[in-house]
Every structure is written in structure tokens, then in C-alpha cells.
1. Between M61, M101, which is modelled with pLDDT under 85 and among the hydrophobic types (A, V, I, L, M, F, W, C)?
2. If P74 satisfies all but one of (1) over 18 Å from the mean Cα position of the chain (by Cα); (2) modelled with pLDDT under 65; (3) not aromatic (F, W, Y), what's the number of the condition it fails?
3. Could you look through segment 24-41, keep only residues that are over 13 Å from S86 (Cα atoms) and polar (S, T, N, Q), and pick out the one that is surrounded by the fewest Cβ atoms within 10 Å (Cβ to Cβ)?
Amino acid sequence: MTSLNNARVEIFRKIRDQLNADPPTYTHAGTVYTYTIVASFPEADPTFPCIVVNPIEKRTMKLGVAKRPNVTMPASIDIDFYAKVSHGKNAIDSARDKVEMILRNNWITESVTINTDVPSQEVSIQGVE
């Protein structure tokens, strides 16, 4: 269980773990390249290909009555794809397709239980299509 304030960190961790478990690959000139999953672009020592999983952006909105509020947490995440230009657009396209497949196939079964700071109230959030 996690707090509402830490929910975005837990969701980021789950997405990163899913991508690390089965990273995208592509083949160029007979060599298979595997994407490295990182949290920020490796400026000091760039590694290609790589996928940058940016921090989750969340907006918490309270709904309902004050004593037992319902909370919704719309969130979004940007994922950036980098590969060598000489490997062509296919390197990026195949990674995008693989990430979309991983999230569609796995995120729906993932959930995070959040303590809402209301006595005896916990909320489970789950990915949706």
C-alpha cells in the first residue's frame, strides 16, 4: 500500500519494471539492438537505443462530500524514444509498437492500493484502456 502522494512514484516504478522485463529490440544490418530503459536522457555518456520514461504527471481532484471524499487521480506519462539516425525510423516505430503492446497487455492487470488518509478507506487504482 502507498500514500496518495507516492502513487505517481509507484506507477512510474511499475511501468519501468514492465519495460525492463521485456525491452523492445530491433534489427539493423543483421545486428539485434536492445533498448535501454532510463529515467532521463544519459547526457554524459549517451547510450543508443534508449527509452526515457519521464516522471508521471498527476492532478488530484477531490469529488464527493467532505467527510468521505472520492479522489480521482488523472495521470499521464511521456515516453521518449532515441535511436541512431542511421538505423532509420523503423528502430523507433518498432519500439513504440512494443511499448504500446506491453502496456496494453500488462497494465490492465496492474493495480496500486492507496491509503487516502481517511480512516479505514483505501482505494485501488488500476490501468484502463
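1. Only one candidate passes the filter, namely M61.
2. For P74, the exception is condition (1).
3. Among those that are over 13 Å from S86 (Cα atoms) and polar (S, T, N, Q), it is T31.
Rundown of residues vs (1) in contact with a His (Cβ under 8 Å, 6 or more places away or on another chain); (2) polar (S, T, N, Q); (3) touching a residue at least 24 places away in the same chain (Cβ under 8 Å), yes/no style:
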residue: N6; (1), (2), (3): no, yes, no
residue: E10; (1), (2), (3): no, no, yes
residue: D17; (1), (2), (3): no, no, no
residue: P23; (1), (2), (3): no, no, yes
residue: Y26; (1), (2), (3): yes, no, yes
residue: Y33; (1), (2), (3): yes, no, yes
residue: P49; (1), (2), (3): yes, no, yes
residue: I56; (1), (2), (3): no, no, yes
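The values are calculated or read from the model by the stated rules, or taken from the named source; none is laboratory data. These numbers were taken from a predicted model, which means no experiment stands behind them. Positions of Cβ are backbone-derived with ideal geometry, glycine not excepted, and every protein chain shown enters the neighbour counts.
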